[in-house]
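Have a look at the structure below before the remarks.
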Amino acid sequence: MRWFFLLLVALNALFYAYQVALPPQRPAVVLSEPRSAGSGDIKLLSEAAPQIRKSEIETSDTCLFLGGFDEAAIALDVEQRLLSLDIESMVQPIDMEAGVDYWVYLPPLVSRQASLRQLRELQSRNIDSYVITVGDLANGISLGIFSRRDSAESVVARLRGLDYAASIRELPRAHRRHWVKIAASSRRLLSEEILADLVRDFPELESRQMPCSSVATSE
């Protein structure tokens, strides 16, 4: 048995020497194929969420107006009809541009006395005129306001023949109309049927989208 024991010891020694002589093993490397774009890529929730256009989240600065009436009483009748239907509204007068007038004038002189002398001179020639007393044309002479430019230009030409250098200033012409402004919270209540009934009872009624801040100019 002694020789058998010595044989086992020799075999163990040889096996140990063999293990020490082997080069160190590297961990296995698994090569994966690159995934194509869009095939299950990981995305942040903020990236995956649908994009909302700016125009969809901004509130509109326009309001719905019904009108416009020359008489405030008619607008008040429309307002009362809407209020009876729980549609919040209010009458709002708005000065709408209605064209341009043309003002013919002579430039201001150095003093009121000089303007009065020029006025008497013009009136002696049967030219309708008056002294302007306020504004940037004070001490000038007004020669009339005309709705047509050609009429104003004919007056300027006539005065030029008399050695007067007249000028023309454009004056925006406004017309006050009365509108009923619909509150934004009540717009959904204004159905097509209600609008049709209002048009039937108030033939002059129009519906317009206008800036919510529309205000009438001062009297």
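The values are calculated or read from the model by the stated rules, or taken from the named source; none is laboratory data. No experiment lies behind these values; they were computed from the predicted model shown. Note that we place each Cβ from the backbone using ideal geometry, even for glycine, and neighbour counts take in every protein chain shown. Surface accessibility is based on the protein's heavy atoms, side chains included, excluding ligands, DNA and RNA. Shrake-Rupley method; radii C 1.70, N 1.55, O 1.52, S 1.80 Å.
Computed quantities for the displayed model
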read-out	value
Candidates 115, 89, filtered to the one that is over 26 Å from residue 159 (Cα atoms) and either in contact (Cβ under 8 Å) with a residue 24 or more places away in the chain or surrounded by fewer than 12 Cβ atoms within 10 Å (Cβ to Cβ) (or both)	89
Which numbered condition residue 128 misses (of (1) touching a strand residue (DSSP E or B) at 6+ places or on another chain (Cβ under 7 Å); (2) open to solvent by less than 80 Å² (accessible area, probe 1.4 Å))	(2)
Any hit, segment 180-200, residues being over 30 Å from residue 68 (Cα atoms) and either surrounded by 14 or more Cβ atoms within 10 Å (Cβ to Cβ) or not charged (D, E, K, R) (or both)	no
The listed residue being without any contact (Cβ under 8 Å) to a residue 12 or more places away in the chain and hydroxyl-bearing (Ser, Thr, Tyr), out of 124, 185	124
Scope segment 132-146; condition touching a residue at least 12 places away in the same chain (Cβ under 8 Å), surrounded by fewer than 17 Cβ atoms within 10 Å (Cβ to Cβ) and among the β-branched types (Val, Ile, Thr); matching residues	145
